[in-house]
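Reviewing the structure listed below.
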Amino acid sequence: MIRKPAPLFFEEGPNAVILLHAYSGSSNDMRILARRLQSENYTVLAPIFTGHATGDPADILRLGSPKQWWQDTQAAIAKLRQSGYQRIAIFGLSLGGLFATRALQEYPELLGGGTIASPVIFRGQTNVPASFIQMAQATYREQNITGADQAQRVAWLKDHLDAQLTAIQAFTDTTATHLDRIKQRVFIAQGDQDRMIDPRSGQWLADAYPANQTDFHEYAGAGHVLTVNSAHHDLETDILAYLQTIF
């Protein structure tokens, strides 16, 4: 029996941090960072976007959408408030960073937050479509779904993936158009060996804000999933230093 990922809610101190995971990822992307923040007396909430971590990659396309994931983001903010937390920051990895950025626009009372390897300013190449199909094939193999059954499922994914990625891009473009609404100081992290998105994405985003508004970090030799790869210790240290400036 494979244990499915569950949302994380680590209640600790009065200052709270929301961590939003990547496309086709889960709260597991954020567990190491969440535990580090908890150890420094932050309360941490890492939800799971609708359709993710169900065991069937098709659910991301069937059940998920930018509209739904934005509602999930709003629900996370509401959950913290209902639990008594008013001092809140929000960060997101890759796809999650798109929604963290939108949250900073729409909720000016959030104290800050930012993006981790997130293509808010989209130019160049993306390997998201290919990596999504590879992830799906690996998931099906783990479930002993092979041969014609797997081929049929993968064909369905390929037929429906582009429409969702187009919707995500529309959400992203709208968000990027209104970065001037964000008044909080913004954290931006990017690995210079990112193979999922253009490794210049972090610098492009930093350049879109006034220079004194960003806390930009580039990690040499690091790939896309900065929360778990070679950069994760440095990322945790940098986020903690940033949080001390906003709380």
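Whenever a residue of the stretch 216-236 is part of a loop (DSSP other than H, G, I, E, B), its partners that are of a type in the set (Ser, Thr, Tyr) and surrounded by 17 or more Cβ atoms within 10 Å (Cβ to Cβ), lying with C-beta atoms within less than 6 angstrom and at least six residues away or across chains, give the pairs 231/219. When the residues of the stretch 30-61 are narrowed to those that are out of contact with any helix residue (DSSP H, G or I) (no Cβ under 8 Å at 6 or more places or on another chain) and basic (Lys, Arg), which ends up farthest from residue 168 (Cα to Cα)? Restricting to residues being out of contact with any helix residue (DSSP H, G or I) (no Cβ under 8 Å at 6 or more places or on another chain) and basic (Lys, Arg), the top hit is 35. Taking the conditions (1) surrounded by fewer than 19 Cβ atoms within 10 Å (Cβ to Cβ); (2) in a helix (DSSP H, G or I); (3) among the basic types (Lys, Arg); (4) in contact (Cβ under 8 Å) with a residue 12 or more places away in the chain in turn, residue 141 satisfies each one other than (4).
Can we say residue 123 is of a type in the set (Lys, Arg), surrounded by fewer than 12 Cβ atoms within 10 Å (Cβ to Cβ) and either in contact with a Lys or Arg (Cβ under 6 Å, 6 or more places away or on another chain) or closer than 15 Å to residue 57 by Cβ (or both)? Taking the combined requirement at face value, the residue does not satisfy it. Of all residues in the stretch 179-197, those that are within 16 Å of residue 98 (Cα to Cα) and crowded, with 19+ Cβ neighbours inside 10 Å total 9.
Criterion first (surrounded by 17 or more Cβ atoms within 10 Å (Cβ to Cβ), in a strand (DSSP E or B), at pLDDT 95 or above and under 15 Å from the mean Cα position of the chain (by Cα)) does residue 115 satisfy it? Lay out the reasoning, then the answer.
Details: surrounded by 17 or more Cβ atoms within 10 Å (Cβ to Cβ): yes; in a strand (DSSP E or B): yes; at pLDDT 95 or above: yes; under 15 Å from the mean Cα position of the chain (by Cα): yes.
When the stated conditions are applied, residue 115 passes them.
If you check residue 81 against the conditions, is it closer than 30 Å to residue 146 by Cα and either among the aliphatic types (A, V, I, L, M) or surrounded by fewer than 22 Cβ atoms within 10 Å (Cβ to Cβ) (or both)? Against the criterion (closer than 30 Å to residue 146 by Cα and either among the aliphatic types (A, V, I, L, M) or surrounded by fewer than 22 Cβ atoms within 10 Å (Cβ to Cβ) (or both)), residue 81 does not qualify.
Out of contact with any helix residue (DSSP H, G or I) (no Cβ under 9 Å at 6 or more places or on another chain) and modelled with pLDDT of 95 or more - does that describe any residue in the stretch 17-28?
Here is the first cut: in the stretch 17-28, the ones out of contact with any helix residue (DSSP H, G or I) (no Cβ under 9 Å at 6 or more places or on another chain) are 26, 28.
Add one more test, that the residue is modelled with pLDDT of 95 or more, and what stays is 26, 28.
Yes: one or more hits.
Taken together, 179, 226, 205 contain a single residue that is among the aliphatic types (A, V, I, L, M) and touching a Pro at 6+ places or on another chain (Cβ under 9 Å), which is 205. Criterion applied to 125, 164 was being in contact (Cβ under 8 Å) with a residue 60 or more places away in the chain and under 17 Å from residue 51 (Cα atoms), and the one residue passing it is 164.
The values are calculated or read from the model by the stated rules, or taken from the named source; none is laboratory data. All of these numbers come straight from a predicted model, not from anything done at the bench. For neighbour counting, all protein chains shown are included, and Cβ atoms are generated from backbone atoms with ideal geometry for every residue, glycine included.
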